[in-house]
Every structure is written in structure tokens, then in C-alpha cells.
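K.L.:
Let me begin by handing over the structure; questions about it come next.
Here, each number is a calculation from the coordinates, and none is a lab measurement. Keep in mind that what you see is a predicted model, and the values were worked out from it rather than measured. Note that each Cβ is placed from the backbone with ideal geometry, even for glycine, and that neighbours are counted across all protein chains shown.
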Amino acid sequence: MAINPQKVEREFEQSAAAQPAVQSEPKVSDRELLEAERILRQGSLKIRELIAPASFRVTPNYLELNCIFVRTLFVLTYPRYISLGWFSPITNLNFPLDVGMYFYLVPSDMILKQLRNKVGALEAQVSADREKGAPRDPVRETALQDIEQLRDSLTQGSEKFFQFALYLTLYAGSVKELDKMTEETESLFGQKLVYSRRALWQAEQGFNSTLPLGSDELQVYFNMNSSPIASSFPFTSSELTSDNGILYGINRHNNSLILFDRFSLQNANMAVFATSGAGKSYSVKLEALRSLMMGTDVIIIDPEMEYKHLAEAVGGAYVNISLNSEAKINPFDLPRPVGDVKAGDIIRSAVITLKGLLRLMLGQLTHQEDSIIDRALLETYAKKDITPTSDLSNIEPPVMSDLEEVLSGMVGAEDLVIRLKKYTEGTFAGLFNKPTSIDMRNQLVVFSVRDLEDELRPMAIYSIVNYIWNAVRSELKKRILMIDEAWWLMQNEDSAKFIFALVKRCRKYYLGVTTITQDVNDFLTSPYGQAIVTNSALQLLLKQTPAGIDKIVKTFMLTEGEKYLLLECGVGEGIFFAGNKHAAIKIVASYTEDQLITSDPRQLLEIEQAKKEFAAQVDEPEIG
């Protein structure tokens, strides 16, 4: 379009005469603006051009997208009941996939009208069958019951009715791999009685339906109410962040903090399972250090002297239990009576506990020997004037040699006396035959049994746990008891039964018990080990070995994705369970905490050398 310069000049002069102080520009037509915009867009780059694939091939069975093979599955039917989280095994599969869910709300009045008609038809059929004398039809009766229940829920407003579409798109590097992934996914669907089909001749529409565009091009629906639809949600990652408690680690799902108070659950017990070197002692020491800062007393049974550095750093008490050490525990000690507890009940409980220890010491007992020991223990306490009518606040408990003296005067106890002499006069005489010489008045107390022979460790740990239990029952206080390498106690029925009883009863005394083990098979094979896990509201699973993973999967009902996570995760990584919630966790510590709790021999050696160098610098005389 040509522009007349004379006309433009004349219009400009008229405008200038009317408003001499304002200068105006020549007017450009809309067509010129559109042409300029078209030229600009030809040189612009759009977002869709950045994300569009370089190649795209459609076949009846799959798509080929940039040398990646893509196939979409859609769910056709569901069983009568589907459990909560049934879709989690699918979303936790160890290969890439996209999930598309579409929810179409159906008005309740329309559904209620259709259900009313359906109920009338079913009732008529059931009535007709009854008049004819035909056998009852369980399918019709079940359908009638389900419809009536759904009508009640819709009428009360507790449920809504939807048309629900569920699509799944798989990605693989080859057709063979894609077929294998498809068969595995269909098998998982089949295990849940969910019937799925491949989007044949609709591969492109299926792929588009799982893109984040909100475009449902397959249009395959299933009628569902709110509850089963909610159970299909794949978002199973739990938030474990609370206002109180300590920091356990980082949630690997969303990088949030896992802050939790173990005493806020139905019990404060915890079970820790990990292979050697996976970071279980590191994690437990970190929890102990942070619990100390929150005012909680911590008691630890240390089989390998891993907690000595921590005890020295925080000013805790480190008690070394061995045949030649000065620290002794008398298994005949009694707890101080608290409240309305009678002396007779305390003595009876002590006798039962001592019989369990004696079975560890003496081996299997016959019924006659068990009866003799039961009577001898009561007489041993009575010899020190400890009876059901005594004041237990001012007593001197007996020792093992007193029991031997009583047994030596009883008929039929000759063999028991011979077996007991090993612990009163023989090689092991220094362990159980002296009064208690331990002070528990410290916020952190660590009992070390490293210097004990393997034969004596189960007995010593049994005796230590019993002593701690007596102290716990004597004074109500917030405490955590950590038993490292707890599988030692699972090897014998009496010690396993004692730990199980402790785990069940400790909640009443404000105590949380943490059992730590690396030998999963030995621990979980015991029926008491299984019961201890069941009675532990908290569980921490770190890296596992292939030999023990199947037992872990069965016990904790893990998915395939969680199984592979435990096999492939790094040090200090695993799964943290808190009640009904669980999340993938990564244990993290600050530099200062790491220096206090490390078990790495290299780091410990560097710390010791730094201490020596610092001490040498302090002791150097000043040169004047």
C-alpha cells in the first residue's frame, strides 16, 4: 500500500495548528503491524520446538520416540475389593513410566436414580427365584448388598461417584525390553486381580493421554466411588516432620526433614537392621547424642567398644564388664519398691529372672533340677532375711556363692553344685559372685562387654539388661536402652524371652528399647525376634545383603522398589518406619557430631594424634 506524502503533510500541519505544543508521529496501519509481527515470529524459537522429539514413528503396538520405544496400558476392570496402596508396587517398579489418572464426577442424583432402578430389578429377580424354589444366587445377593451400601453412602454425602480412567506408559530402549517390562507390569496388575490391556492401534492416543496436558484421548472409564479411587493414589511418600522430637535424617523422596519423637507413638521401641558397615552404629549414636540434648537418659550395651569415644566426649559413664574389671553386677539385686508393689511380687519376679540366667549358665535343666533351683533361690534370699514381709529398702542381697551353699545342702542337687562351681570358684568366678559396684547416676551410661569371652557374653548381657530393668523400675524417668548386636540374645530361648518381655512392658516405665543387629536371619528366625519387631513402633532398615533381603521383605512387607533400594543404597541410607508411615531416609550429621560419633578407625586415629599433639604443645615450656 502506497502512502501519499502530500496528504500526510497536510494532516500534520492541521494537527500542529490545533495543538502547537504537542508533536505527533505518522500513523501506521494494522496491516503493516501484522506484517512486521509475522517477520518477527519467523525468527523466534517456541517452547514446543524445544521439547518436540527429533523423530516420531507410530506403529499399531508401540511408538518409537527418539529411538525410545513407548507403549501405553489402560486398566479395564477392578476386583470387588482393592486394598489401600495397591498401586504402589506398580509405581515403585525400577524402570521409567508415566501415569495418567482422570476423574469425571457424576451427579449423585443421577446415580441414585439408576441405582434405585437396578435395586428394583435385582429384588424382582431374587423374589422370582424364591417363588420358583430355585437355589439362591450369591452373585445377585452380593450385588444387591453392595448397591444398597453405595446408595446409603451417596445419600449421606460420605461418598461421591466418579468415572475413573487409569493409564500407564512404559519407556524402553528396545522392543524386547519393552515387551519384558509390559509383561512384568501386567503380572503385577494380575496379582491384584486388576485387568489391564495394551492400547493397540491407539499407541499415539495412549501416549498423549499420559502427557501432562490433561487430554484424555483413550476415554476408557470404570465406575467407582471415592474410597477405592483414593486407594489408587500413587503418592505413598509420607511426611515425617513434627514439631517435637529429634532429627533422624533427610527424606530422600522430597528432601524434607525427618523429625520425630519416638515417645509420641504407642511405644517407644525401635528395631535397627543393617549389614556390617552400613552405618547402623553411626545412626544409633547420632540418635543417642541428639536425645541427650533433649534431656533423655541413654543406656547402651556395647559389644565392640564402639561407644567409648562418645561417652568420653559427652562426659558419660563407661563401664567395662569383664572377669578382671572392678565393675561388677550382682544378678541377685532387687529393685527398690515403687508405689503399691509388694515385696513378695518383687522376689517372685527376681526368682523367675534368675532361673533364666541359670539356664544360660548351667545348660538345660530337668524338671526336677528346675524345681530344686526354684526352692533354692527362695531359700537363698531368706538366708539374707529377704522375705515377702521384709523392707526391701534396707537389705544386703546374696551372691552366687550363697546359692551354691544352699544347693550343697539339698538332696538331688549334687550335679548342679558341680556345674555352678565354675562361676563361684573356677574360671568364671569374677563375673557373678560379687556385690554390685556400678553407679548409674549419669545421663549416658555405656556397658562394654568386648573383653568377655563369647561363651560369657549372652549371660553378661542378660545380667546387665536385668540390672538396667531394675533401675528403670525403681525410678520413673525418660530413658532409651540401646542393645547392640541383639542377635546374641536371640540364640537362647530364655534370654530371647526376657528381652521380649522387656520390650512389651517398658512403655509403662517411660523406656524405649532399641534392638540393633546385623545378623537378620538369626534374629528374625526366632519367634521372639519376630515379636520384638512387631512391638517396635519404629524400624530403621539400612543396606542389606542378598542373603537376608528375602526375610526382610517378608517381615516388613516391602515392595520390589524398596527391596532394590535396600540392596543398592549407600552407607547411612535406607528406609525409616514410624508407625504406619515410612520414607526413604539418608542419615546426615554435622561436622562436630561426626567427630563425636565416628567409628572409622582412620578418623579415630587422627583424633587421637590431634589430642597428643595438642597436649604436647600445652606441656612445652615457654622459652623466655
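K.L.:
Can you tell me the orientation of helix 108-132 relative to the chain, as the angle in degrees between its alpha-carbon axis and the longest Cα principal axis, to the nearest 10?
P.N.:
Result, in degrees: 70.
K.L.:
Kindly put L377, L403, L45, L200 in sequence by how many other C-beta atoms sit within 10 Å of each C-beta, fewest to most.
P.N.:
Neighbour counts put them in this order, fewest first: L45, L200, L377, L403.
K.L.:
A further question on this structure: If you count, for each residue, the other Cβ atoms within 10 Å and average over each peptide, how do 359-370, 561-572 line up from highest to lowest?
P.N.:
Order by mean packing, descending: 561-572, 359-370.
K.L.:
Let me ask something else. Rounded to the nearest 5, what % of DSSP beta bridges with both residues in the range 56-231 are antiparallel?
P.N.:
Beta bridges within the range 56-231, antiparallel portion: roughly 100 percent.
K.L.:
Next up: With the Cα gyration tensor of the range 330-435 giving a ≥ b ≥ c as the square roots of its eigenvalues, does the rule (a/c under 1.5 for rounded; else a/b larger than b/c for prolate; else oblate) give rounded, prolate or oblate? Intermediate results must be reported in sequence, preceding the final value.
P.N.:
Values: a/c = 1.94, a/b = 1.59, b/c = 1.22.
Prolate, since a/c reaches 1.5 and a/b exceeds b/c.
K.L.:
Mind checking the dipole of the chain: about its Cα centre, +1 per Lys or Arg Cβ, -1 per Asp or Glu Cβ, Debye to the nearest 20?
P.N.:
1780
K.L.:
Which entry in (i) 37.2, 140; (ii) 30.3, 96; (iii) 23.8, 69 is this structure's computed Rg and Dmax of the Cα atoms in Å?
P.N.:
The value computed from this structure is option (i).
K.L.:
For the pair S174 and S158, how long in nm is the line joining their label points, each one 7 Å along Cα→Cβ?
P.N.:
Calculated label separation equals 5.4 nm.
K.L.:
A follow-up question, please. Compute the relative contact order of the chain as a whole-number percentage, counting only Cα pairs closer than 8 Å that sit 6 or more residues apart in sequence.
P.N.:
17
K.L.:
Another question, then. Hey, what number do you get for the chain at 222 nm if only DSSP H runs of n ≥ 4 count, each worth -39500 (n - 2.57), divided across all residues, to the nearest 500?
P.N.:
About -14000 deg cm²/dmol.
K.L.:
Roughly how many Å is it from the Cα centre of the range 261-335 to that of the range 526-584, as a whole number?
P.N.:
22
K.L.:
Rounded, prolate or oblate: pick one for the range 56-231, where a ≥ b ≥ c are the square roots of the eigenvalues of its C-alpha gyration tensor, a/c under 1.5 means rounded, and failing that, prolate if a/b is larger than b/c, else oblate.
P.N.:
prolate
K.L.:
Which lysines, if any, have their Cα less than 29 Å from the Cα of K176, not counting same-chain residues under 8 positions apart?
P.N.:
Counting by Cα, and skipping residues close in sequence, K176 has these lysines nearby: K192, K563.
K.L.:
Under 19 Å from a point placed 7 Å out from the Cα of R80 along the Cα-to-Cβ direction: which residues of the range 122-144 have their backbone N that close?
P.N.:
Inside the label zone: 122-127, 135-144.
K.L.:
Another one. How about K504: which lysines have a C-alpha closer than 28 Å to its C-alpha, ignoring those fewer than 8 places off in the same chain?
P.N.:
K280, K285, K328, K342, K355, K477, K478, K543, K551, K554, K581
K.L.:
Moving on to the next point. Among the lysines, which have Cα under 19 Å from the Cα of K611 when same-chain residues fewer than 8 positions away are ignored?
P.N.:
Result set, ordered by chain and number: K308.
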